[in-house]
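Here's the structure we're looking at; comments come further down.
The values are calculated or read from the model by the stated rules, or taken from the named source; none is laboratory data. Bear in mind the structure is a predicted one, so any value in this text is a computation, not a measurement. Please note: Cβ atoms are built from the backbone with ideal geometry, for glycine as well, and neighbour counts cover all protein chains shown.
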Amino acid sequence: MTRQAIGGTVVHRYIEDRVQIIPKRKLDPLPSAAFQILLSLAADDLHGYGIMRQVAEQTGGRMRLGPGTLYSSIQTLLEEGLIEETDGPEDPSDARRRRHYRLTAGGRKLARSEADRLADLLRVARARKIFKGDYV
């Protein structure tokens, strides 16, 4: 693949990473909810409700995943091999069996690729002076 500069940004790295990781059909482009789920699992294994809380926390409350969005996104990420189900910690005070999820190597690679893509977009946006203030 050749390098192409778009607004001073080299886009080949992101495209090559995406082609190697996942088929185009479901997660291209990566939905915000899926990216936030991958980010929430980057540090710890979590169950669904834990992911929901972590996403709300890491976005400062700007994104709150409802159960439909959360579990359909989790299902897609599982099918694509980007996350996997794992045994969670035993909690005798909790009689419910919660499904815990962890990030796979492919999921970590995709999250890194998406973060790089967004950083490239942010650089272009800053160069075009579209911010009212300095957000980052």
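Taken residue by residue, the range 61-75 has at least one member that is β-branched (Val, Ile, Thr), under 21 Å from Ala105 (Cα atoms) and out of contact with any Leu (no Cβ under 7 Å at 6 or more places or on another chain). Can you say whether Gly60 is modelled with pLDDT of 95 or more and not in a helix (DSSP H, G or I), as far as the supplied structure shows? Considered against the rule, which asks whether it is modelled with pLDDT of 95 or more and not in a helix (DSSP H, G or I), Gly60 comes out as yes. For beta carbons closer than 8 Å, sequence separation of 6+ or different chains, a first residue in the range 105-130 that is surrounded by 13 or more Cβ atoms within 10 Å (Cβ to Cβ) and among the hydrophobic types (A, V, I, L, M, F, W, C) and a second that is in a helix (DSSP H, G or I) and at pLDDT 90 or above, the qualifying pairs are Leu110/Leu38; Ala111/Phe35; Ala111/Leu38; Ala111/Leu39. Restricted to the range 11-44, and to residues there that are in a helix (DSSP H, G or I), among the β-branched types (Val, Ile, Thr) and modelled with pLDDT under 85, the residue that is surrounded by the most Cβ atoms within 10 Å (Cβ to Cβ) is Ile21. The condition (being farther than 25 Å from Leu118 by Cα, part of a loop (DSSP other than H, G, I, E, B) and in contact (Cβ under 8 Å) with a residue 12 or more places away in the chain) is satisfied by just one residue among Gly81, Gly88: Gly88.
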